Amino acid sequence: MLCMLPDTDLTVIRVHEEFFLPGEVIMEQGNVVDQLYFVCHGMLEEIGIGADGSEETVLPLQPNSSFGEISILCNIPQPYTVRVLELCRLLRLDKQSFTDILEIYFYDGRRILNNLLEEYFVLLHFLKQVLPVLIR
């Protein structure tokens, strides 16, 4: 998604590269999130945690995936936990920088938001199918 933006120092300065080891939890379900992540390398999983503490993999995350957008765009707590499966290289962008970039690149910002919202609706549809199983 960041590839849609022109190469500028503004975008590059605000993106931070991070590495995570297998087993690390990057985001926890229910927490307020102000970071957006893009997967460059490695595998992660989104995990839904039921009321009884049981875990269910909601969605695998692979290169070119993103996460954190639901919490940022909808201003809600993180709907799932994100855990690393294999060594990962991620790009992190904080909420304020993301908002600033969307304002500066209004046309591209609309495209980015549309892409993120499309992912959100696909995930929402999937969660509607999985949640009854997690609640049991």
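The values are calculated or read from the model by the stated rules, or taken from the named source; none is laboratory data. Nothing here was measured: the structure is a model prediction, and the numbers come from that model. Heads up, the Cβs are rebuilt from the backbone with ideal geometry, glycines too, and the neighbour counts pull from every protein chain shown. Just the protein is used for accessible areas: all its heavy atoms, side chains included, with ligands, DNA and RNA removed. Shrake-Rupley method; radii C 1.70, N 1.55, O 1.52, S 1.80 Å.
Miscellaneous remarks
- Of the residues Gly42, Gly68, Gly53, Gly30, the single one that is within 11 Å of the chain's Cα centre (by Cα), open to solvent by less than 60 Å² (accessible area, probe 1.4 Å) and on the phi > 0 side of the Ramachandran plot is Gly68.
- Glu45 vs. criteria assigned to a strand (DSSP E or B), at pLDDT below 90 and not hydroxyl-bearing (Ser, Thr, Tyr): no
- Failed criterion for Val82 (all others in (1) at pLDDT 95 or above; (2) open to solvent by 70 Å² or more (accessible area, probe 1.4 Å); (3) not in a loop (DSSP other than H, G, I, E, B) hold): (2)
- Pair list, Cβ under 6 Å, 6 or more apart: the range 27-41 residue closer than 20 Å to Ser97 by Cα, other residue among the β-branched types (Val, Ile, Thr) and not in a strand (DSSP E or B): Met27/Val33; Leu36/Ile72
- Boolean, Pro77 is of a type outside the set (Lys, Arg), touching a His at 6+ places or on another chain (Cβ under 8 Å) and modelled with pLDDT of 80 or more: no
- Some residue of the range 6-17 being modelled with pLDDT of 95 or more, surrounded by 15 or more Cβ atoms within 10 Å (Cβ to Cβ) and over 13 Å from the mean Cα position of the chain (by Cα): no
- Out of Leu85, Leu90, sole residue that is under 17 Å from Leu21 (Cβ atoms), touching a residue at least 60 places away in the same chain (Cβ under 8 Å) and over 13 Å from the mean Cα position of the chain (by Cα): Leu85
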